[in-house]
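Chemist: Sharing a structure below in structure tokens format, with a few things to ask.
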Amino acid sequence: MDTGLNEAVRRAATELTAEEGNSGMYHPYLHYLPEARFASLILVHDHAVSPNYSGKSTTFIFRTSDTQATAKLKYHVTQLVNVPVFDRRSAYLYEAGQRAMLVLKCRSASGIDLLSVDLDVDAWTRLITGGLEQNIVRLP
């Protein structure tokens, strides 16, 4: 691959950093087709690549289908909370998370379906325990 292109990608990822000293907040994903002389570059923020489950943070889901988004959300919530998260609760988490504004559709261009997920451990725990208290979800 062209070394000039690699250098441009590295500079772009660094220059988009909001604060000095935080280089590397974006991860470049480059796909190069030499026979077509075409390069495609996507810069993905660190919060989407390496979610922070230890505090209130945000991560993102590139949604390809409801099933995929529901499974990915279940994974994030499982990593976040200290209560069991069962597969049967996944649809509830997805729907209730949207109603509670913990899962939001992001505005994006080019047909990218992107969801932001608020990684608020207290809010997700309340959502799960509230669903149990109201018999919306049941223990297996």
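The values are calculated or read from the model by the stated rules, or taken from the named source; none is laboratory data. Keep in mind the model is a prediction, meaning the values are calculated, not measured. A quick note on method: Cβ atoms are made from the backbone with ideal geometry, for glycine too, and the neighbour counts reach across all protein chains shown.
Chemist: If only one of V77, V117 is hydrophobic (A, V, I, L, M, F, W, C), within 18 Å of G55 (Cβ to Cβ), part of a strand (DSSP E or B) and in contact with a helix residue (DSSP H, G or I) (Cβ under 6 Å, 6 or more places away or on another chain), which one is it?
Modeler: V117
Chemist: Across the stretch 110-136, what is the number of residues that are more than 12 Å from L80 (Cβ to Cβ) and either modelled with pLDDT of 95 or more or touching a Leu at 6+ places or on another chain (Cβ under 9 Å) (or both)?
Modeler: So the answer is 4.
Chemist: Is it true that G24 is loosely packed, with under 10 Cβ neighbours inside 10 Å and at pLDDT below 80?
Modeler: So G24 does not fit the description; no.
Chemist: Could you figure out which of (1) at pLDDT 95 or above; (2) surrounded by fewer than 19 Cβ atoms within 10 Å (Cβ to Cβ) isn't true of L102?
Modeler: With respect to (1) at pLDDT 95 or above; (2) surrounded by fewer than 19 Cβ atoms within 10 Å (Cβ to Cβ), L102 is out only on (2).
Chemist: Which condition breaks for S40 when tested against (1) within 15 Å of the chain's Cα centre (by Cα); (2) at pLDDT below 90; (3) hydroxyl-bearing (S, T, Y); (4) surrounded by fewer than 11 Cβ atoms within 10 Å (Cβ to Cβ)?
Modeler: Answer for S40: the failing condition is (1).
Chemist: Residues of the stretch 43-70 being surrounded by 15 or more Cβ atoms within 10 Å (Cβ to Cβ), part of a helix (DSSP H, G or I), at pLDDT 85 or above and not hydroxyl-bearing (S, T, Y), which ones?
Modeler: Of everything in the stretch 43-70, just one residue is surrounded by 15 or more Cβ atoms within 10 Å (Cβ to Cβ), part of a helix (DSSP H, G or I), at pLDDT 85 or above and not hydroxyl-bearing (S, T, Y), namely A69.
Chemist: Name the pairs: first residue in the stretch 74-102 and closer than 14 Å to R138 by Cβ, second residue in a helix (DSSP H, G or I) and among the acidic types (D, E), Cβ to Cβ under 9 Å, at least 6 apart or on different chains?
Modeler: A91/D66
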